[in-house]
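Scroll down for the structure; my scribbles are underneath it.
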Amino acid sequence: MILDLQNIFKDYQQDKLVVPVLKDVSFQVEEGEYVAIMGPSGSGKTTLMNIIGCLDRPTSGNYQLAGEDVLKCRDREMSDLRLRSIGFVFQSFHLLPRQTALDNVALPLSYAGIRKKERRERAAQALERVGLGDRMTFKPTQLSGGQKQRVAIARAMVNNPKLLLADEPTGALDSKSGEQIMQLFQQLNDEGVTVVMITHDINIASKAKRVIHIIDGMITEKNDQVKGSKEAENE
């Protein structure tokens, strides 16, 4: 079991008003799964992603990540858990513009205290893995949108995390580049990487093997398998 969220609530305080965002959210993700969390704008999916990614704490509930009780962690312990266990892929890439692709990918390893030689070797391997072995010395301004996202994926995977957490990973890409990125996620999942993807796009969500729907801060379906696969079985 990679993720186990039970009875998660998240409220925000606006002046004297308490605004509930997540309302009794419970679901699990097994190791090696490929799951999409799908919902419209304002559904609470970004707040849920922040809690899954150990970037925020729920108001109440229980959350275990790879067997560790996240909510018992202090801030430093949560930061260490996040570094060890989760690779992030964001819509806007978050690459350092003055650094090469290799240096961008190596960045999480520097936070983990890995020596420079090993950092560069592992970063190079990660870029090879995503098909950018010939772009290691390129800076973000020299790369296409799809290539930037591949660099971001390599950076997310370089520390061998237990979970790849992607937030609208194709949102800034054209349709062709987006399709290539989704093929890469499928390849990584086929290799055993657990993928959890946040999206509002039904076409992107359909690439996952399981879709969790969130509306108004509540989970509405937990085991919605990809419709295309069901239809294919019935033909």
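The values are calculated or read from the model by the stated rules, or taken from the named source; none is laboratory data. Owing to the predicted nature of the structure, the values given are computational and were not obtained by experimental measurement. In this analysis, Cβ positions are derived from the backbone assuming ideal geometry, glycine residues included, and neighbour counts consider all displayed protein chains.
Details
- Checklist (1) assigned to a loop (DSSP other than H, G, I, E, B); (2) among the β-branched types (Val, Ile, Thr); (3) under 25 Å from residue 182 (Cα atoms) applied to residue 114, failing item: (3)
- The listed residues are 175, 92, and the only one of them that is surrounded by fewer than 16 Cβ atoms within 10 Å (Cβ to Cβ), among the polar types (S, T, N, Q) and either touching a helix residue (DSSP H, G or I) at 6+ places or on another chain (Cβ under 7 Å) or touching a residue at least 60 places away in the same chain (Cβ under 8 Å) (or both) turns out to be 92.
- Of the helices (runs of 4 or more DSSP H) lying entirely inside region 137-224, those containing at least 3 residues that are under 13 Å from the mean Cα position of the chain (by Cα) span 145-157, 175-190.
- Leading residue by the ranking (surrounded by the most Cβ atoms within 10 Å (Cβ to Cβ)) among those in region 60-76 that are under 21 Å from residue 160 (Cα atoms) and not β-branched (Val, Ile, Thr): 65
- Residue within region 198-218 that is surrounded by 20 or more Cβ atoms within 10 Å (Cβ to Cβ), touching a His at 6+ places or on another chain (Cβ under 8 Å) and farther than 26 Å from residue 128 by Cβ present: no
- Residue in region 60-82 that is closer than 21 Å to residue 215 by Cα, touching a residue at least 40 places away in the same chain (Cβ under 8 Å) and part of a loop (DSSP other than H, G, I, E, B) present: no
- Picking from residues in region 21-59 that are in a loop (DSSP other than H, G, I, E, B) and among the hydroxyl-bearing types (Ser, Thr, Tyr), the one that is surrounded by the fewest Cβ atoms within 10 Å (Cβ to Cβ) is 41.
- Residue identified as free of Cβ contacts under 8 Å to residues at least 12 places away in the same chain and surrounded by 18 or more Cβ atoms within 10 Å (Cβ to Cβ) among 114, 86: 114
- Only one of the listed residues (44, 53) is within 28 Å of residue 187 (Cβ to Cβ) and of a type in the set (Gly, Ala, Ser). That residue is 53.
- Filtering region 61-110 to residues that are closer than 25 Å to residue 30 by Cα and small (Gly, Ala, Ser) leaves 61, 66, 67, 79, 85, 87.
- Criterion applied to 165, 173 was being at pLDDT below 95 and either in contact with a Lys or Arg (Cβ under 9 Å, 6 or more places away or on another chain) or of a type in the set (A, V, I, L, M, F, W, C) (or both), and the one residue passing it is 173.
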